[in-house]
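A.B. asks: Structure below; questions to follow.
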Amino acid sequence: MDVRLERELFGITFPNPVGLAAGFDKEAKYTSAFESMGFGFMEIGTITPLAQKGNDKPRLFRLKEDEALINRMGFNNEGMETALKRLKARQSKIIIGGNIGKNKQTPNDEAYMDYVKCFEALYPYVDYFTLNVSSPNTPNLRELQEKKPLMALLKSVIDKNQATFNPKPLLLKIAPDVSEGQLDDIIHIAKMLSLDGIIATNTTIDRSKLKTKDEHIESIGAGGLSGRPLRQRSTEIISYISKKTEGKIPIIAVGGIDSYEAAQEKLDAGASLVQIYTGLIYRGPGLVKEICEGILANSTEQRQTG
Ligand SMILES: Cc1cc2nc3c(=O)[nH]c(=O)nc-3n(C[C@H](O)[C@H](O)[C@H](O)COP(=O)(O)O)c2cc1C
């Protein structure tokens, strides 16, 4: 790996800025495979304290014309104990983020306990944590992005983190479907609590500007949309956060990255690292190398013209 691709962020040296987004390897089954594909880091999860099946199938749909996906998986995962076993046994060295959430049955006012449980269980085995409050597929989860519940949730995990010997970076993953007011509140809270970073964004519930026929979209039903149609909105959110914080809060970009150009757009908007999911489905694993090579070529160009 070329050292010019290295990125230093919240105390971690990432060998390159291209990561695997959460939801692809929920239970840390394939960490060696993703390491071999050249990813600079990967995010496992969303993991919940107890195993859960998720929603009934079918729950994942391709919109080929839009190079998009709609999913309503609903946090299907084998639970934190199983994830823990896998992490303990892993051979790979890839940097791992633990993306954590709450079980479907847990009411929102007790949600913090689920996040704390997952935090405590995974703490020794992941490099950073992502608190996922933005999946559209767990009923009412996104309400945890509101000022009061968000403060309470973050504070309880931060308290646990601060009490550890070696606190881990804590990041918040947000939805693209937030209002400007909500986003301002999130930024304010992130600054106030010295959060280590924001991951923007999760999937969207918006269905506008799609090429796929309305009847087909309607027949699919509820779920989060990812891929190309999400690209612009996700970049807008990143840009907004970056400007509002004068670049002081690290941002990991995710949403519609399917080429080097799309990744560079996110970096130009203020992100430090990127993650991919749907792009990997449509473009294949070569996308990781394509993005890394593009970034390298761009840095050489800038040196020559600068
Ligand atoms: C099938 C599927 C499952 C996902 N599961 C999760 C998840 O468990 N936790 C999470 O934070 N994000 C999850 N995501 C969201 C992705 O991590 C990412 O934020 C989103 O898909 C936008 O990126 P993309 O356009 O590159 O796909 C999932 C996405 C898909 C398509």
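A.B. asks: Please express the shape of the chain as an equivalent ellipsoid: the semi-axes are the square roots of 5 times the eigenvalues of the C-alpha gyration tensor, given largest first in whole angstrom. Mind showing how you got there, number by number?
C.D. replies: On the way: eigenvalues 134, 113, 83 Å².
Equivalent ellipsoid semi-axes, largest first: 26, 24, 20 Å.
A.B. asks: Picking from Asn103, Asn161, Asn77, which is most flexible by a Gaussian network model of the chain using Cα springs under 10 Å?
C.D. replies: Comparing Asn103, Asn161, Asn77 in a Gaussian network model of the chain, the most mobile one is Asn161.
A.B. asks: Report, in debye and to the nearest 20, how large the dipole of the range 161-301 comes out about its Cα centre when Lys and Arg carry +1 and Asp and Glu carry -1 on their Cβ.
C.D. replies: On the way: 16 positive and 18 negative charges, 45 e Å.
That gives a dipole near 220 debye.
A.B. asks: Same structure again: Which percentage, to the nearest 5, of the DSSP beta bridges contained in the chain is antiparallel? The partial results should precede the final answer.
C.D. replies: Numbers: 13 of 41 bridges.
Bridges in the chain are about 30 percent antiparallel.
A.B. asks: Rg and Dmax of the range 88-169, Cα atoms, in Å?
C.D. replies: For the range 88-169, the Cα-based Rg and Dmax read 13.2, 41 Å.
A.B. asks: When DSSP assigns beta bridges and you keep just the ones with both residues in the range 130-237, what percent turn out antiparallel, to the nearest 5?
C.D. replies: Details: 1 of 8 bridges.
Of all bridge pairs located within the range 130-237, approximately 10 percent are antiparallel.
A.B. asks: With point charges of +1 on the Cβ of Lys and Arg and -1 on the Cβ of Asp and Glu, referenced to the Cα centre of the range 113-179, which listed residue (Thr138, Thr164, Cys118) lies farthest in the positive direction of the dipole?
C.D. replies: Thr164
A.B. asks: Separate question: Grab the DSSP H runs of the chain that are 4 residues or longer, score each as -39,500 (n - 2.57), total them, divide by all residues and round the 222 nm result to the nearest 500 deg cm²/dmol. Working shown, then result.
C.D. replies: Values: 10 runs with 113 residues, N = 306.
So the calculated ellipticity at 222 nm is -11500 deg cm²/dmol.
A.B. asks: Moving on. Name the residue from Leu153, Pro107, Thr204 whose Cα lies farthest towards the positive end of the charge dipole of the range 107-244, charges +1 on Cβ of Lys and Arg and -1 on Cβ of Asp and Glu.
C.D. replies: Thr204
A.B. asks: I've got another one for you. State to the nearest 20 debye the size of the charge dipole of the chain about its Cα centre, where the only charges are +1 on K and R beta carbons and -1 on D and E beta carbons. Could you put the intermediate results ahead of the total?
C.D. replies: On the way: 40 positive and 39 negative charges, 108 e Å.
Here the chain has a charge dipole of around 520 debye.
A.B. asks: Over the chain, what relative contact order in percent results from Cα pairs under 8 Å that are six or more residues apart? Working shown, then result.
C.D. replies: Values: 622 pairs, mean separation 54.6, N = 306.
So the answer I get is 18 percent.
A.B. asks: Can you grab the distance from the C-alpha centre of the range 164-191 to the C-alpha centre of the range 98-124, Å, no decimals?
C.D. replies: With the range 164-191 and the range 98-124 each reduced to a Cα centre, they are spaced 16 Å.
A.B. asks: Which residue fluctuates most in the GNM of the chain (Cα springs below 10 Å): Lys266, Lys117, Lys93?
C.D. replies: Answer for the Gaussian network model of the chain: Lys93.
A.B. asks: Per 0.36 nm of contour for each residue apart, how much would the distance between Glu236 and Asp206 grow if the chain were fully extended, relative to their Cα-Cα spacing?
C.D. replies: On the way: separation 30, 0.36 × 30 = 10.80 nm, distance 1.47 nm.
So the chain would gain 9.3 nm between Glu236 and Asp206.
A.B. asks: Within 11 Å, Cβ to Cβ, of Asn137, how many net charges do the neighbouring residues add up to if Lys/Arg are +1 and Asp/Glu are -1?
C.D. replies: Numbers: positive: Arg59, Arg72, Lys104, Arg142; negative: none.
Net local charge, Asn137 excluded: +4.
A.B. asks: Go through Ser32, Pro229, Gly256 and say which Cα lies farthest out towards the positive end of the charge dipole of the chain; charges sit on Cβ, +1 for Lys and Arg, -1 for Asp and Glu.
C.D. replies: Ser32
A.B. asks: Looking only at the range 62-206, where both bridge partners belong to it, what percent of the DSSP beta bridges are antiparallel (to the nearest 5)? Walk me through the intermediate numbers first.
C.D. replies: Numbers: 2 of 14 bridges.
So the antiparallel bridges amount to about 15 percent of the total.
A.B. asks: When ranked by the protection proxy of mean other Cβ atoms within 10 Å per residue, highest first, what sequence do the peptides 249-255, 12-18 form? All intermediate terms of the calculation are to be shown ahead of the outcome.
C.D. replies: Numbers: 249-255: 26.7, 12-18: 20.0.
By packing density, highest mean first, the sequence is 249-255, 12-18.
A.B. asks: Which whole-number percent gives the relative contact order of the range 135-282, counting Cα pairs below 8 Å spaced six or more residues apart? Spell out each step's value before the answer.
C.D. replies: Working: 219 pairs, mean separation 31.4, N = 148.
RCO, the range 135-282: 21 percent.
A.B. asks: Debye sum, Cα scatterers, the range 62-122, no solvent: what log₁₀ I/I(0) at q = 0.18, 0.21, 0.23, 0.26 1/Å?
C.D. replies: For the range 62-122 at q = 0.18, 0.21, 0.23, 0.26 Å⁻¹, log10 I(q)/I(0) is -0.80, -0.92, -0.98, -1.10.
Only the coordinates and a few stated rules stand behind these numbers; no lab work does. Everything quoted here is computed from the prediction, not taken from an experiment. Cβ: placed from backbone, ideal geometry, glycine included. Neighbour counts: every protein chain shown.
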